[in-house]
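The values are calculated or read from the model by the stated rules, or taken from the named source; none is laboratory data. Computed from a prediction, not measured in an experiment: that's the story for all the values here. Note that each Cβ is placed from the backbone with ideal geometry, even for glycine, and that neighbours are counted across all protein chains shown. Heavy atoms of the whole protein, side chains included, go into the accessibility calculation; ligands, DNA and RNA do not. Shrake-Rupley method; radii C 1.70, N 1.55, O 1.52, S 1.80 Å.
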Amino acid sequence: MADLKHTGEELASHVKSGVHRAQQGARVATQHAAPGLELLARVGYASKGVVYGAVGLLALGVALGRGGATTDSQGALIRLQDIPAGSALLWLLSVGLVGYALWQLIRAVLDPEHQGAGAKGLVKRAGYGLSAGANAGLAFFTAQLALRGDMARQQNSEDQAARTVLNLPAGQLLLGVVGLILLGIAANQLYIAYGAKFMKHMAFHDMGARTEQALSRIGQVGIAARGVLMLLIGSFALVAAWRGQASQAAGISEVLTWLREQTAGNVLLGAVALGTLCYGVWCVVQARYRRIRIEGGAR
């Protein structure tokens, strides 16, 4: 029994040592690549801003009665394909989204912003991990769209993702955990928006107080709108997990459609659409002015 315990402790020690060496290696590699990763992250913020701005504009058009339909990031990219030089723009956005996914992965794994390993920090880092996966998938979709212009968007990708999770062992529990993480992200976004906590990450230079305040308000409105979207998406995920029905899951497009179907739906949709547009603008602002910490300090 004692030998078994000793063997277990020795194995745990080897695993811990291996993980530590891997983390150290990742940190060293990240430090060497820091300038390029920072540039990729900034292009990523700008790319994300273009996508969210397009989603917001399209939804705002629906709310104002100008026709069209609410859509999500994939639908917005398909619309962007139709503008002049659309294919070139899609390739640029694909690279940017890869950069943003890498930046989120760095935030999740290496924790350069020192979120820590407490409950709050782990929820944030889990959110960064989910964001990395989602943006990597969106980057792949964008590259496919640029390469194959006749490509059709898969319908209700959230439904498909939820179905995949539900088919896993303990799938309902896993989907419920994802829903709870999304609710945690939503609560954090709303908290950050209310107190303009995001300003500590910004480095505005040679900018008037009024301009800085205006940008701060845009950030508050945009981040709050994203928080509302995450709150609704997370709630739908929890309902899907509780009922074991993937069809109950919803993404941005379904949530925007659901808002329009409520009492005073156009007002609700218009408010969230305007906020989503503001979030797109704020992402572009971050591309220029955000302090981006690659392992080893602020840059």
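Here are the numbers:
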{"item": "Local electrostatic count at LEU268 - Lys and Arg +1, Asp and Glu -1, tallied over other residues with Cβ under 14 Å", "result": "0"}
{"item": "At most 16 other Cβ within 10 Å, DSSP loop - chymotrypsin sites (Phe, Trp or Tyr not before Pro), segment 176-216", "result": "PHE204"}
{"item": "Solvent-accessible heavy-atom area per residue, rounded to whole Å², over segment 204-278 at 1.4 Å", "result": "50"}
{"item": "Alpha carbon centroid spacing (whole Å) that separates segment 113-127 from segment 39-83", "result": "29"}
{"item": "Those GluC sites (Glu not before Pro) in segment 190-299 that DSSP places in a loop and that have at most 10 other beta carbons within 10 Å", "result": "GLU261"}
